[in-house]
Every structure is written in C-alpha cells, then in structure tokens.
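**Student:** Okay, here's the structure, questions in a sec.
Just so it is clear, none of the values below were taken in a lab; they were calculated from the coordinates. Computed from a predicted model, the values in this text were never measured in an experiment. FYI the Cβ positions are ideal-geometry reconstructions off the backbone, even for glycines, and counts take in every protein chain you see.
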Amino acid sequence: MTQFGSEKILPYNDKERKGIQVIRMFDTIAHAYDKLNHVLSFGLDKGWRKKGIAFLRPFSPKVILDIATGTGDLAIALCKRLQPEKVIGADISVGMMEIGKQKAEKTGVSGQLSFEVQDCTALTYDDCAFDAVTVAFGVRNFENIEQGIAEMFRVLKPGGHVMILELSTPEHFPVKQGYRIYSKWIIPAVGRFFSKENSAYHYLPESIKVVPQGEVMANLLRKVGFAEVGVRKLTFGVCSLYTGRKL
C-alpha cells in the first residue's frame, strides 16, 4: 500500500500513532475550530463546500456519509442544500462532533443528521451502504490515506459518488510565494492566538505540503476502483476538489 508524506507528519511526537494524536489535537482546538477555519481561509471555505455540494446535486443522493466531519459544516450544508433522507457525520474526535451536534440542533437538521465515532480506515458500515461519501479538509489527517479512500469505495453503492475537498499548494507565481509566507508565519500565529494550541497550526501547513495532490490524488482514487475521476483547482490552487464514481 502506497505511503504518503502527510501520513508521517504528526501533531505532537513520534512516539504515538497519528490517529491518537489527531484525536487529542482536534479535541483540544474544537472550541476555536470554526472561527479559525473561517478566519484562516478568509471565509473561502464556505464557497469551496458549495462547489463540492454542487457536484453532487444532479445525482440527488439520499443517504450520505461525511467522513472527518469535524464540527459538521459540510454535513449540515449537505442536509440544507440537497435535502437527503439521511446524513451521517463520522469522525474520531468526540469534542468536534459535540459542537457539530449543537450546530445541527440550531440549524434544524438534527432529524436528518447524526454523528458517529468512526475510524476512516476501518469503517463499521456494510458494503454498498451509501449513495455518496464526502470528506472536506480531512484526508491529510488520515493515518493511512489509501486505506481510508478504499473504505470510501467499499461503503459506496454502485453508481454512487465520492467528493473530496482538500487544501493544496498553489503552483504558480505570485500565489505560490504568497501562500508560502502565509502558511509558514501567519497560520501558526493566528492559530496560536485563537486556540492557544501551538502544535496544531504548525502541523496544518506541514501536512498540506505533503498530502497527495492533483494527479497523484486522482491516480489514488483510480487505484482503489473509482471511475470518472475529476480534479478541479479552486482559488488559484489553494483548494482542490476531487470527484469520482463507483461503477
């Protein structure tokens, strides 16, 4: 199974599994995560989610699994924009999902949306259980990326679609140079100010650098079995949208 650089980038130390450290990191920053997400992306994350959901709209998925759901922003938006019968938000961080549950109640989607603790590399769902599987800004946190994406493929129904949003590294001047400065200095400083957590916001830019991107990610989707794989760069390559279908 292929190994990727982001699997080796750890939030705290090299003595514990990445999954254990990711749980601790997100439980620690859960209280500040939403504010930080919007501030650090200048609010662009909301538009990126809309584009991902727009890809799924023509297929009218009825049962959706949102992996690495965090505080549920994508899962809630899926409920509101696609009106599916059911969305499950799955994550390893209970702290993040507790905030997601509160948001679901406030936005009136708690009847459609439930949250469950799941390891993305070993999902407990049956084969062919979902019409669509999504993940937004979570692949870089997977302990084993290929296994996580293979699990997405397994739980999808034939004809179902995958939609992945992930931060990526711009390739062209001057965005590439500006992003390098922003990720090295601004992200850690702002993250430390809001969350009082130093390691998490050093981990973020380092993991973005080495997560599979572009055709590397597309080829990985194809490798586990996805067809009709698409790659779309958003906001000059700061974010990438990956899509595919299980035949």
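**Student:** Quick one: length gained pulling Val190 to Arg222 fully straight, 0.36 nm per residue minus the C-alpha distance? Intermediate values should be presented prior to the final figure.
**Tutor:** Details: separation 32, 0.36 × 32 = 11.52 nm, distance 3.71 nm.
Stretched fully, the Val190-Arg222 segment lengthens by 7.8 nm.
**Student:** Then there's this: Mind putting a number on the dipole of the chain about its Cα centre? Charges go on the C-beta only, +1 for Lys and Arg and -1 for Asp and Glu, and I need it in Debye to the nearest 20.
**Tutor:** On the way: 33 positive and 26 negative charges, 162 e Å.
With only Lys, Arg, Asp and Glu charged at Cβ, the dipole is about 780 debye.
**Student:** Determine ³J(HN,Hα), in whole Hz, for all residues of region 233-247 in sequence, where each value follows from phi through the Karplus function 6.51 cos²θ - 1.76 cosθ + 1.60 and θ = phi - 60°; x replaces Gly and Pro.
**Tutor:** 8, 10, 6, 6, x, 5, 9, 10, 10, 10, 9, x, 9, 8, 6
**Student:** Among Phe226, Phe26, Phe55, whose mean-square fluctuation peaks in a Gaussian network model of the chain (Cα, cutoff 10 Å)?
**Tutor:** Maximum among the listed residues: Phe55.
**Student:** Ok, one more. For the chain, what is the calculated [θ] at 222 nm in deg cm²/dmol (nearest 500), taking -39500 (n - 2.57) for each run of four or more DSSP H residues and dividing by its residue count?
**Tutor:** -14000 deg cm²/dmol
**Student:** Using 0.36 nm times the number of residues separating Met1 and Glu85, minus their current alpha carbon distance, what extension gain do you get?
**Tutor:** Numbers: separation 84, 0.36 × 84 = 30.24 nm, distance 3.52 nm.
Gain in length upon complete extension: 26.7 nm.
**Student:** Under 14 Å from the 7 Å Cα→Cβ point of Phe236, by amide nitrogen: which residues of region 179-213?
**Tutor:** Answer for this model: 179-183.
**Student:** Choose one of Pro212, Gly244, Ile53: the residue whose Cα lies farthest towards the positive end of the charge dipole of region 5-245 (beta-carbon charges +1 Lys, Arg; -1 Asp, Glu; about the Cα centre).
**Tutor:** Value computed over the given set: Ile53.
**Student:** Residues with amide H under 5 Å of Phe137's amide H, sequence separation 5 or more or different chain, H placed in the peptide plane at 1.01 Å from N; which?
**Tutor:** Leu165, Glu166, Leu167
**Student:** I need the shape label for region 133-247. Rule: rounded when a/c is under 1.5, else prolate if a/b > b/c, else oblate, with a, b, c from the alpha carbon gyration tensor. Provide the component values of the computation, followed by the final result.
**Tutor:** On the way: a/c = 2.82, a/b = 1.75, b/c = 1.61.
Cα axes put region 133-247 in the prolate bin.
**Student:** Additional query: Tell me the label-point distance for the pair Arg57, Tyr12, using the 7 Å Cα-to-Cβ offset, in nm and rounded to one decimal.
**Tutor:** Between Arg57 and Tyr12, the simple spin-label model gives 4.3 nm.
**Student:** Over the C-alpha atoms of region 5-245, what are the Rg and the largest Cα-to-Cα span, Dmax, in Å?
**Tutor:** Rg then Dmax for region 5-245, in Å: 16.7, 47.
**Student:** Summing +1 for each Lys or Arg and -1 for each Asp or Glu, what net charge is found among the other residues whose Cβ lies under 12 Å from the Cβ of Val229?
**Tutor:** Numbers: positive: Arg222, Lys223, Arg232, Arg245, Lys246; negative: Glu215, Glu228.
So the surrounding residues net to +3.
**Student:** Structure shown: which of Lys8/Lys106; Lys18/Lys209; Lys62/Lys106 lie over 27 Å apart, alpha-carbon to alpha-carbon?
**Tutor:** On the way: Lys8/Lys106 38 Å; Lys18/Lys209 17 Å; Lys62/Lys106 22 Å.
Violating the 27 Å limit, Cα to Cα: Lys8/Lys106.
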